[in-house]
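We did not get these values from a lab; they are worked out from the coordinates using the rules stated. In this text, all values refer to a predicted model and were calculated from it rather than measured experimentally. Ideal geometry is used to build each Cβ from the backbone, glycine not excepted, and the neighbour counts take in all protein chains shown.
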Amino acid sequence: MMRLDTILSLIPQCESVVDVGADHAKVAIAAVALQKAKYATATDIGEGPLARAKAAIRAEGLEQNIQTVLTDGLTGVEKHSVAVVAGMGGELILHILDTAEWTKDEDVTFVLQPMTAGERLRPGLSEKGYRIVREEIAQEGEKLYPVLLVRCGKEKIQTLDQHWLSTAGESSPLAGGYLDKIISRLKKQYAGLLAAEERDETRISEVCAYLDALEKRRERI
Ligand SMILES: C[S@@+](CC[C@H](N)C(=O)[O-])C[C@H]1O[C@@H](n2cnc3c(N)ncnc32)[C@H](O)[C@@H]1O
């Protein structure tokens with residue numbers, strides 16, 4: 001499935017969804033148009049992207065159902081049943097979860113789609129008291145994107161490979177291919193690190209440990 005379709009497929013039927021970092025507000029518009037949510041909010045930190053969101057919402061005639069807010073993450077945004085944070089780096093996603101108190105409520109569902117640093121997002125979620133309920137790998141051309149369904153709860157990350165793909169993600173049809181891509185990328189990185197004039201021994205050990213854990217996991221999937 002394509003990235004946006006996968007994000008939409010993980011949004012449960014709900015009262016309201018907030019599309020954080022909405023840009024063109026594609027998620028908010030589709031969630032309302034497909035009647036997954038009655039209402040939506042599209043937020044963005046940038047005036048340009050928010051103007052694009054407003055124009056797209058107007059073009060669909062959905063101004064009554066979708067409001068827009070210029071803000072950092074969820075700052076000042078009232079509680080929604082579902083929050084989607086997609087198309088951003090894993091560390092920015094973790095920051096966004098800290099921008100409202102209601103993100104700690106047990107009845108809120110998150111759909112998170114990191115573009116980079118997913119390996120920092122997964123352990124970061126566990127440290128903050130979230131668990132990954134489901135993880136799907138979306139495909140667009142050659143590119144693979146993880147999409148996480150997350151709720152409050154305890155989840156202990158036991159091994160390093162779980163930084164790259166959660167246990168829940170193992171059932172995704174593209175899980176094996178996704179791990180292959182990560183392993184191949186890390187192998188290239190490892191070779192580059194070994195060949196560098198100034199060796200970064202800490203990073204070399206980190207990448208080596210990741211590769212070891214990921215190759216063992218790949219044997220099982
Ligand atoms: C690559 S776009 C992703 C758009 C859409 N969510 C998607 O998945 O296709 C990232 C958007 O996030 C916005 N953004 C970055 N940091 C943000 C923050 N702290 N709070 C809200 N929006 C942010 C950017 O302005 C940009 O419009």
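Compactness ratio of the range 174-221: Cα Rg over 2.2 N^0.38 Å, N = residue count?
Values: Rg = 11.7 Å, N = 48, 2.2 N^0.38 = 9.6 Å.
The range 174-221 yields a ratio of 1.22.
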**Prompt:** Most mobile of 194, 112, 34 per a Gaussian network model of the chain (Cα springs, under 10 Å)?
**Reply:** 194
**Prompt:** What is the distance, in nm, between label points placed 7 Å from the Cα along the Cα-to-Cβ direction at residue 95 and at residue 115?
**Reply:** 1.4 nm
**Relative pair counts by distance (%), Cα atoms of the range 3-155, 10 Å bins** = 12, 45, 36, 7, 0
**Prompt:** Whose amide H sits under 5 Å from the amide H of residue 68, counting only residues 5 or more places off or on another chain, with H placed in the peptide plane?
**Reply:** 42
**For the range 28-37, 3J(HN,Hα) per residue [Karplus equation, 6.51 cos²θ - 1.76 cosθ + 1.60, θ = phi - 60°, Hz, x = Gly/Pro]** = 4, 5, 5, 4, 6, 4, 8, 6, 6, 9
